[in-house]
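Student: Handing you a structure now.
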Amino acid sequence: MLGKPTTGENSWKLEDAKARFSEVVRRAHSQGPQHVTVRGRESVVVISVEELERLTKTEPKKPFVEFMESLGLEKLVLEREVDRGRDTEL
């Protein structure tokens, strides 16, 4: 069964992943995330740098006013009743 992960197409037992780390890395580039299990439970995932950058990419921050204007809140009706206070005993 050489050349294939032992627990599934993209899943590796820890001892197999350690022994064939180069292949795990190659597959992370060519086939996507590679899951590594420890004692039968998923433990870590090996992903390519490109995948990490895609997942953690942040959009440039907008100035606050521009951000608020981009939300399309001009259609939102914000009305509230006149607050007349409350009755309290002194």
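Student: Could you work out [θ]222 nm for the chain from helices alone, using -39500 (n - 2.57) per DSSP H run of at least four and dividing by all its residues? Round to the nearest 500 deg cm²/dmol. Walk me through the numbers on the way to the answer.
Tutor: On the way: 4 runs with 31 residues, N = 90.
Value at 222 nm, helices only: -9000 deg cm²/dmol.
Student: Roughly what % of DSSP beta bridges within the chain run antiparallel, to the nearest 5? Display every interim value, and only then the final one.
Tutor: On the way: 5 of 8 bridges.
So the antiparallel bridges in the chain amount to around 60 percent.
Student: Pick from Arg54, Arg20, Arg80 the residue whose mean-square fluctuation is largest in a GNM of the chain, springs joining Cα atoms under 10 Å.
Tutor: Residue with maximal mean-square fluctuation among Arg54, Arg20, Arg80: Arg80.
Student: May I ask you to derive the FRET efficiency for Ser22 and Arg54 from their Cβ-Cβ distance with R0 = 25 Å, giving the value to the nearest 0.05? It would help to have the intermediate numbers written out before the result.
Tutor: On the way: r = 23 Å, r/R0 = 0.93.
Given R0 = 25 Å and the Cβ-Cβ separation, E is 0.60.
Student: What is the dipole size for the chain, taken about its Cα centre, with +1 at each Lys and Arg Cβ and -1 at each Asp and Glu Cβ, in debye to the nearest 20?
Tutor: 780
Student: Listing Lys18, Lys61 from the residue with the fewest other Cβ atoms within 10 Å to the one with the most, what is the order?
Tutor: On the way: Lys18 11, Lys61 8.
Exposure proxy ranking, most exposed first: Lys61, Lys18.
Student: Towards the positive end of the charge dipole of the chain, with charges on Cβ (+1 Lys, Arg; -1 Asp, Glu), say which of Val44, Trp12, Phe64 has the farthest Cα.
Tutor: Trp12
Student: In degrees between 0 and 90, to the nearest 10, how far off the longest principal axis of the chain does helix 21-30 point, with axes built from Cα atoms?
Tutor: 50
Student: Further, regarding this structure: What number of lysine-lysine pairs in the chain show an alpha-carbon separation below 26 angstrom, given a sequence spacing of 8 or more or placement on distinct chains?
Tutor: Working: Lys4/Lys13; Lys4/Lys18; Lys61/Lys75; Lys62/Lys75.
Summing the qualifying lysine pairs gives 4.
Read-outs: derived from the displayed coordinates by stated rules, not from any lab. Since this is a predicted model, take the numbers as computed values, not measurements. With ideal geometry, Cβ positions are generated from the backbone for all residues, glycine too; neighbour counts draw on all protein chains shown.
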